[in-house]
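I have placed the structure first, in the form of structure tokens, so that the comments after it can refer back to it.
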Amino acid sequence: VVAFLVAFHQNKQLIGEKGLLPCKLYLQDVKKYFKGKVGLDALSYAPTLIWFLDWSDMDSTLDCLALAGLAVAAFVLLTGCANMVLMSLLWLLYLSLVNVGQIWWVLRWESQLLETGFLGIFLCPLWTLSRLPQRSPPSRIVIWAFRWLIFRIMLGAGLIKIRGDRCWRELTCMDYHYETQPVPNPISYFMHRSPWWFHRFETLVNHFIELLVPFFLLLGRRMCILHGLLQILFQVLLIISGNLSFLNWLTMVPSIACFDDASLGLLFGSRLRERVVRMQLPGPEGERLSLGSCVRRVLNISLGLLIIYLSIPVVLNLLNSRQVMNTSFNPLRIVNTYGAFGSITKERTEVILQGTASLDPNDPTAVWEEFEFKCKPGDLRRRPCLISPYHYRLDWLMWFAAFQTYEQNEWIIHLAGKLLAQEEETLSLLATNPFAGRDPPRWIRGEHFKYKFSQPGGKHASDGRWWIRKRIGPYFPPVNLQGLRKFFKDRNWPYPVQD
């Protein structure tokens, strides 16, 4: 539900007709690469339903996909009823968005949601929408597929840390993490000031949870249940201390497969427990299996064989000293490799976009006013946001852009052009527009700053400042709308029109 809600609210601004990276241009480039045909090659490179839909109004097409997914997901959530058809539709709709989302949809939780959603198809009966259908308990193959998923998620995250950044081996990464993570929350502010020994303890616990606890899955029922409890508790702690979208909420899902009916039964009433027991009873002796049961059994066995086959490159990657993280080895993203924070940035830098109405951007008396984003640090006095499981994609990519160059992130110049034109859809991605109700800015520039948390109880904090910042220098020079015309034309981006 959250994933499709984010897509509905942000699709048009990011990949729509006038988006920062229009998906129509992306699909046209893919089609051109494959000699102008939408054949098997193009479909396997970018599997999406949009190939077969109307491109003349891409905004409406993207909205329809997002709203359809939101409606189906809400139905399943509110009714507790699902079958393989509905779950397959959910997976296909989100796959269609992810594969045209370009850099906005490359983050780990997109592939993880697709893999989790694909496995969720096989938890359900084939046709019926009964909440507890008779004689259709989940196959052990599916349960172990979920356990294999959480094993890879955690072990992949642990190995990439040990192999990636020496601060994980020296137990010092948590000295920096809370301040430099993509989108800190208010708790991050206080966690950052924990004593040094507590940060060392946190790092040791992280290594224990990610490198050792996954093997509890192989040590019998009690250790498997302990694994599930520890992983869910770990994800709750991560939710409290940061804004990692719906990632941590999603990671709890495969951990549920660590519990059996006996361990979960205490949470439910006796009538429901009796219904679950009846659900798992075999049919009368000699009774033929229904068509749905036969199909489901064949699909479950096929799923097991498919996962084994697709896991081969994933296992080889885990064993490789040059391990890569958050990569899919197949276009359908059914079995993926995962990882998180393989390297930790030691200093936080931010790109601050500023506009001026001055005729001359080099005039020392020009007044530059700042655009404020929804959640990323900007205004020193604004409290860090608390938004998980929601996700602001632009804010997240601004974090990446801050430790790269604008040449590596051309979309940020596109963003500047849209702010010069005061396009309403793009402005909806921001928290404040200093030029609202006034003439548009004549120039926009990007300034590069180093940000640090203020000291709780210190001088800056008593003045209401959560952050302290120091200017590094220009990120990109002042640009105006006319000067960007050729830049837009060379990339086939629609030239911004002032609303």
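Pairs needed: first member in segment 448-477, under 29 Å from Ile413 (Cβ atoms); second member anywhere, among the hydroxyl-bearing types (Ser, Thr, Tyr) and open to solvent by 30 Å² or more (accessible area, probe 1.4 Å); C-beta distance under 7 Å; at least 6 residues apart or different chains.
Tyr475/Tyr406; Phe476/Tyr406
Please go through segment 154-171 and give me each residue that is within 28 Å of Cys375 (Cα to Cα) and either surrounded by fewer than 18 Cβ atoms within 10 Å (Cβ to Cβ) or among the aromatic types (Phe, Trp, Tyr) (or both), ordered by number.
Listed by number, the list holds a single entry, Trp168.
Is segment 346-359 home to any residue that is open to solvent by less than 60 Å² (accessible area, probe 1.4 Å), modelled with pLDDT under 90 and either aliphatic (A, V, I, L, M) or part of a loop (DSSP other than H, G, I, E, B) (or both)? Break it down stepwise before answering.
Looking only at segment 346-359, we keep the residues that are open to solvent by less than 60 Å² (accessible area, probe 1.4 Å), and these are 348-358.
Pick out the ones that are also modelled with pLDDT under 90 and you get none.
Within segment 346-359, not a single residue is open to solvent by less than 60 Å² (accessible area, probe 1.4 Å), modelled with pLDDT under 90 and either aliphatic (A, V, I, L, M) or part of a loop (DSSP other than H, G, I, E, B) (or both).
Exactly one of these conditions fails for Glu110: (1) open to solvent by less than 10 Å² (accessible area, probe 1.4 Å); (2) in contact with a Lys or Arg (Cβ under 9 Å, 6 or more places away or on another chain); (3) within 23 Å of Trp493 (Cα to Cα). Give me its number.
So Glu110 meets the others, but not (3).
As an exercise: evaluate Leu319 against (1) among the hydrophobic types (A, V, I, L, M, F, W, C); (2) over 19 Å from Tyr178 (Cβ atoms); (3) crowded, with 16+ Cβ neighbours inside 10 Å and give the number of the one condition it does not meet.
(3)
Does segment 434-442 contain at least one residue that is within 25 Å of Ala7 (Cβ to Cβ) and either surrounded by fewer than 18 Cβ atoms within 10 Å (Cβ to Cβ) or not β-branched (Val, Ile, Thr) (or both)? Steps first, please.
First, the residues of segment 434-442 that are within 25 Å of Ala7 (Cβ to Cβ): none.
Within segment 434-442, not a single residue is within 25 Å of Ala7 (Cβ to Cβ) and either surrounded by fewer than 18 Cβ atoms within 10 Å (Cβ to Cβ) or not β-branched (Val, Ile, Thr) (or both).
Write out, first by first residue and then by second, each pair whose Cβ atoms fall under 6 Å of each other, whose residues are 6+ apart or on separate chains, and whose first residue, in segment 60-83, is under 13 Å from Asn11 (Cα atoms) and open to solvent by less than 30 Å² (accessible area, probe 1.4 Å) while the second is of a type in the set (Phe, Trp, Tyr) and modelled with pLDDT of 95 or more.
Hits for this filter: Ala66/Phe4; Ala66/Phe8.
Out of Trp127, Trp105, Trp91, Trp148, I need the residue that is buried (at least 22 other Cβ atoms within 10 Å of the Cβ) and of a type outside the set (Lys, Arg). Which one? Even if it seems obvious, please write down each step before you answer.
Numbers: Trp127 fails: buried (at least 22 other Cβ atoms within 10 Å of the Cβ); Trp105 fails: buried (at least 22 other Cβ atoms within 10 Å of the Cβ); Trp148 fails: buried (at least 22 other Cβ atoms within 10 Å of the Cβ).
Going through Trp127, Trp105, Trp91, Trp148 in turn, the sole match is Trp91.
Output the residue which, of all residues in segment 456-471 that are modelled with pLDDT of 95 or more and loosely packed, with under 15 Cβ neighbours inside 10 Å, is farthest from Leu359 (Cα to Cα).
Looking at residues that are modelled with pLDDT of 95 or more and loosely packed, with under 15 Cβ neighbours inside 10 Å, I get Lys470.
Do the conditions hold for Arg275, that is, is it over 17 Å from Leu159 (Cβ atoms), more than 33 Å from the chain's Cα centre (by Cα), loosely packed, with under 12 Cβ neighbours inside 10 Å and among the charged types (D, E, K, R)?
For Arg275, the condition - over 17 Å from Leu159 (Cβ atoms), more than 33 Å from the chain's Cα centre (by Cα), loosely packed, with under 12 Cβ neighbours inside 10 Å and among the charged types (D, E, K, R) - is not met.
Using the structure shown, decide if Asp260 is open to solvent by less than 60 Å² (accessible area, probe 1.4 Å), within 24 Å of Ser111 (Cβ to Cβ) and acidic (Asp, Glu). Don't jump to the end; show me each part of the working.
Details: open to solvent by less than 60 Å² (accessible area, probe 1.4 Å): yes; within 24 Å of Ser111 (Cβ to Cβ): no; acidic (Asp, Glu): yes.
Answer is no for this residue.
Quick test of your reading of the structure: Ile187 fulfils all but one of (1) open to solvent by 30 Å² or more (accessible area, probe 1.4 Å); (2) at pLDDT below 95. Name the failing condition by number.
If we test Ile187 against (1) open to solvent by 30 Å² or more (accessible area, probe 1.4 Å); (2) at pLDDT below 95, just (2) comes out false.
Go through segment 144-198 and give me each residue that's β-branched (Val, Ile, Thr) and not in a loop (DSSP other than H, G, I, E, B). Give the steps one after another, and end with the answer.
First, pick out the residues of segment 144-198 that are β-branched (Val, Ile, Thr): 150, 153, 160, 162, 172, 180, 183, 187.
Within segment 144-198, Ile150, Ile153, Ile160, Ile162, Thr180, Ile187 meet the criteria.
Suppose the filter is of a type outside the set (A, V, I, L, M), within 30 Å of Gly304 (Cβ to Cβ) and modelled with pLDDT of 95 or more; does Glu202 pass it?
Values: of a type outside the set (A, V, I, L, M): yes; within 30 Å of Gly304 (Cβ to Cβ): no; modelled with pLDDT of 95 or more: yes.
No; evaluated as a whole, the condition is false for this residue.
Does at least one position in segment 192-202 carry a residue that is under 30 Å from Leu394 (Cβ atoms), touching a residue at least 60 places away in the same chain (Cβ under 8 Å) and open to solvent by less than 40 Å² (accessible area, probe 1.4 Å)?
Scanning segment 192-202, I find at least one residue that is under 30 Å from Leu394 (Cβ atoms), touching a residue at least 60 places away in the same chain (Cβ under 8 Å) and open to solvent by less than 40 Å² (accessible area, probe 1.4 Å), so the answer is yes.
Among the residues of segment 435-444, is there at least one that is within 28 Å of Leu244 (Cβ to Cβ) and of a type in the set (Phe, Trp, Tyr)?
Here is the first cut: in segment 435-444, the residues within 28 Å of Leu244 (Cβ to Cβ) are none.
Taking every residue of segment 435-444 in turn, none turns out to be within 28 Å of Leu244 (Cβ to Cβ) and of a type in the set (Phe, Trp, Tyr).
Just a yes or no: is a residue in segment 40-57 modelled with pLDDT of 95 or more, more than 15 Å from Gln102 (Cα to Cα), open to solvent by 60 Å² or more (accessible area, probe 1.4 Å) and under 22 Å from the mean Cα position of the chain (by Cα)?
Checked segment 40-57: no residue is modelled with pLDDT of 95 or more, more than 15 Å from Gln102 (Cα to Cα), open to solvent by 60 Å² or more (accessible area, probe 1.4 Å) and under 22 Å from the mean Cα position of the chain (by Cα).
I want to confirm something. Restricting to segment 243-255 and keeping residues that are surrounded by fewer than 23 Cβ atoms within 10 Å (Cβ to Cβ) and in contact (Cβ under 8 Å) with a residue 24 or more places away in the chain, which single residue is nearest to the chain's Cα centre (by Cα)? Before you say what the answer is, go through the steps one by one.
Start the filter on segment 243-255 by keeping residues that are surrounded by fewer than 23 Cβ atoms within 10 Å (Cβ to Cβ), which leaves 246, 248-250, 252-253.
The next check asks that each one be in contact (Cβ under 8 Å) with a residue 24 or more places away in the chain; those that pass are 246, 248-250, 253.
Numbers: Phe246: 7, Asn248: 10, Trp249: 11, Leu250: 10, Val253: 15 Å.
Applying the filter and picking the extreme gives Phe246.
The values are calculated or read from the model by the stated rules, or taken from the named source; none is laboratory data. Note that this is a predicted model, so its numbers are computed, not measured. Heads up, the Cβs are rebuilt from the backbone with ideal geometry, glycines too, and the neighbour counts pull from every protein chain shown. Accessible surface areas use protein heavy atoms only, side chains included; no ligands, DNA or RNA. Shrake-Rupley method; radii C 1.70, N 1.55, O 1.52, S 1.80 Å.
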